[in-house]
Amino acid sequence: GATGITQRLDVALRPSAPVPELWVTFTGPHVKGLEQASFELRDLANPGRMAIERHVRDKEKIGAYRVPEVKPGSFRLTVRPGEGMWGAFGCFLPSTHQVVIPTAGEVRLDIELRVGGRLRIAAREPAGALLPADCTIRDAAGAEINARFTAQAETMATTGAGRLGTLSPSVVGPPLAVGSYAIELSHDGYEPQIVVAEVKAGETTEVDVRL
């Protein structure tokens, strides 16, 4: 009969190359209320390159987040506490930092969690229907806020900059620091209006204007 042939193959396994790790830890009395955060890394050496964005959940709610799959280099890190894959929740303020990630080893960053507030804005025609009004928000010093407006119905949502949605009153993101804001509203065929709203910590301020 046929004789079997047995071959022995020795393989030397090499340890995987070390990879860098970025850890962000939030501090402060509100950490227990935070369940998720997003992290945007923009390469400072190639500012035109698309930013890397990671969404991370903290199931244990201890405030420590490992940002996965980071690469070595110098980056501008934008941290958005409370933001996840499906949108932003809560009133935690975003922050921006410069980080240098080495080819191996850990980088740890501690960030104090700060609480702001939100605006929800509606512009209506005289009969009450929502208008897709142009909207500009300015802080007390007159500087324009880089804001996005999210309107949401049961099965869909719209998000954009510069103009309110019509599915519902539009929630302003990201959250804003506590203080007064001027809201400029305009739409073709209607008189423009400017209203002042007060943003309070942990609250959503409703702004409902008929043009």
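Overview of values
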{"item": "Segment Ser74-Arg8, length gained on full extension (0.36 nm per residue, minus Cα span)", "result": "19.0 nm"}
{"item": "Packing-based order for 147-157, 170-180, using average beta carbon neighbours within 10 Å, highest first", "result": "170-180, 147-157"}
{"item": "Inter-label distance for Asp208 and Lys32, nm, one decimal - labels placed 7 Å from Cα along Cα-to-Cβ", "result": "3.5"}
{"item": "Calculated FRET value between Glu125 and Lys200, using beta carbons and R₀ = 35 Å, to 0.05", "result": "0.75"}
{"item": "Efficiency of FRET between Ala104 and Glu53 - r from beta-carbon atoms, R0 22 angstrom, step 0.05", "result": "0.40"}
{"item": "For the chain, accessible area per residue (1.4 Å probe, heavy atoms of protein chains only), Å²", "result": "61"}
{"item": "Whether the stretch 37-119 is rounded, prolate or oblate, judged on the alpha carbon gyration tensor where a/c under 1.5 counts as rounded", "result": "prolate"}
{"item": "Rg(Cα) / (2.2 N^0.38 Å) computed for the chain, rounded to two decimals", "result": "1.42"}
{"item": "Accessible surface of the stretch 139-211, 1.4 Å probe, proportion on carbon and sulfur as whole %", "result": "49"}
{"item": "Cα gyration tensor, the stretch 144-201 - rounded (a/c under 1.5), prolate or oblate", "result": "oblate"}
{"item": "Placed amide H near Gly84: partners under 5 Å, 5+ positions off or other chain", "result": "Phe89"}
{"item": "Extension gain, Trp23 back to Asn146 (0.36 nm per residue minus Cα-Cα distance, nm)", "result": "41.6 nm"}
{"item": "Area of Leu167 that stays accessible when all protein chains are in place (1.4 Å probe, Å², to 10)", "result": "70"}
{"item": "Sites Ala64 and Ala182 - FRET efficiency at Förster radius 41 Å, r taken between beta-carbons, to 0.05", "result": "0.60"}
{"item": "Net +/- balance of residues flanking Leu185 in space, Cβ distance below 13 Å, scoring K and R +1, D and E -1", "result": "-2"}
{"item": "Percent carbon-and-sulfur accessible area, the stretch 13-132, ignoring ligands, DNA and RNA, probe 1.4 Å", "result": "54"}
{"item": "log10 of Debye I(q)/I(0), alpha-carbon scatterers only, for the stretch 1-83 at 0.16, 0.18, 0.25, 0.26 Å⁻¹", "result": "-0.72, -0.84, -1.19, -1.24"}
{"item": "Calculated from backbone phi, Karplus (6.51, -1.76, 1.60) coupling profile of the stretch 69-81 in Hz, x at Gly/Pro", "result": "6, 8, 10, x, x, 9, 9, 8, 9, 9, 10, 10, x"}
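The values are calculated or read from the model by the stated rules, or taken from the named source; none is laboratory data. None of these values were measured; they are calculated from a predicted model. As a convention, Cβ positions derive from the backbone with ideal geometry for all residues, glycine included, and neighbour counts pool all protein chains shown. For the accessible areas, the whole protein counts, side chains as well, though only heavy atoms, and no ligand, DNA or RNA atoms are used. Shrake-Rupley method; radii C 1.70, N 1.55, O 1.52, S 1.80 Å.
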